[in-house]
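The block underneath contains the structure these notes are about, expressed in structure tokens.
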Amino acid sequence: MRADRPGARGFFITRRSFCQSALNGSLLAILAAAFYPILRYLKPPPGVEAAQSSVVAAKIGDLKPNSAKIFRFGNRPGLLVHTLEGELKAYSAVCTHLNCTVQYDDASRSIWCACHNGRFDLKGQVISGPPPRPLENYEVNVRGEDVVVTKTG
Ligand code: FES
């Protein structure tokens, strides 16, 4: 008695259903191979943003008064400003309009976005231009030689 005949006892599989299963499996593998890289690209790296709530933005003495530097805060830029009065302030350097990177303008002592001429004061508030919201402010602490910037919210 052959095991692949209908009505026979035990497990049997027809050539047609075997080919159908193989085809379905191959199709699934091709779709997974095509979409996996796209999903990996769209998903941010795990924990980069959440893991870094604090970063060393500079060493004390790196910035002279009335100057600034861009630093990396996770996967986004931050702006550390040493004001003319000697205060250290930090903000997200991502413009709230269309996400361009802002910069410090020492002549006007304000923060400027070159993309659409948006301007912020040193509290991060919008002075002029299209940005709809203030810049996100960060907390700045000096620990030894390090200028540590911390997200507050
Ligand atoms: S992106 Fe900054 S003003 Fe438009």
Quick one: in the range 84-106, which of the residues that are over 24 Å from the mean Cα position of the chain (by Cα) and part of a loop (DSSP other than H, G, I, E, B) is farthest from N141 (Cα to Cα)? D106
Go through P44, P134 for me and flag whichever is in a loop (DSSP other than H, G, I, E, B) and either modelled with pLDDT of 95 or more or closer than 16 Å to T152 by Cα (or both). P134
So which residues in the range 55-76 are exposed (fewer than 15 other Cβ atoms within 10 Å of the Cβ) and either in contact with a strand residue (DSSP E or B) (Cβ under 8 Å, 6 or more places away or on another chain) or closer than 12 Å to V147 by Cα (or both), if there are any at all? V56, K59, I60, G61, D62, K64, P65, S67, R72
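Could you identify the single residue in V148, V81 that is assigned to a strand (DSSP E or B) and surrounded by fewer than 19 Cβ atoms within 10 Å (Cβ to Cβ)? I'd like the intermediate steps shown before the answer.
Values: V81 fails: surrounded by fewer than 19 Cβ atoms within 10 Å (Cβ to Cβ).
It is V148.
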Taking the range 86-131 and keeping residues of a type outside the set (A, V, I, L, M, F, W, C) and within 10 Å of the ligand (Cβ to nearest atom) leaves T96, H97, N99, T101, H116, N117, G118, R119, S128, G129, P130, P131
Among L122, L98, the single one that is crowded, with 16+ Cβ neighbours inside 10 Å, modelled with pLDDT of 95 or more and either touching a strand residue (DSSP E or B) at 6+ places or on another chain (Cβ under 7 Å) or in the same structural domain as K59 (by TED's automatic domain parsing) (or both) is L122
Would you mind stating whether V142 is assigned to a strand (DSSP E or B), at negative phi, within 22 Å of the chain's Cα centre (by Cα) and β-branched (V, I, T)? no
Cross-chain or 6+ apart pairs with Cβ under 7 Å, the range 128-139 first and outside the structural domain of C115 (by TED's automatic domain parsing) and surrounded by 15 or more Cβ atoms within 10 Å (Cβ to Cβ), then of a type in the set (K, R) and part of a strand (DSSP E or B): none
Filter the range 101-112 down to the residues that are out of contact with any strand residue (DSSP E or B) (no Cβ under 7 Å at 6 or more places or on another chain) and either over 21 Å from L84 (Cβ atoms) or in contact (Cβ under 8 Å) with a residue 24 or more places away in the chain (or both) and list them by number. R109
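The values are calculated or read from the model by the stated rules, or taken from the named source; none is laboratory data. Quick caveat: nothing in here was measured; it's all calculated off a predicted structure. We place every Cβ from the backbone using ideal geometry, glycine too, and count neighbours over all the protein chains shown.
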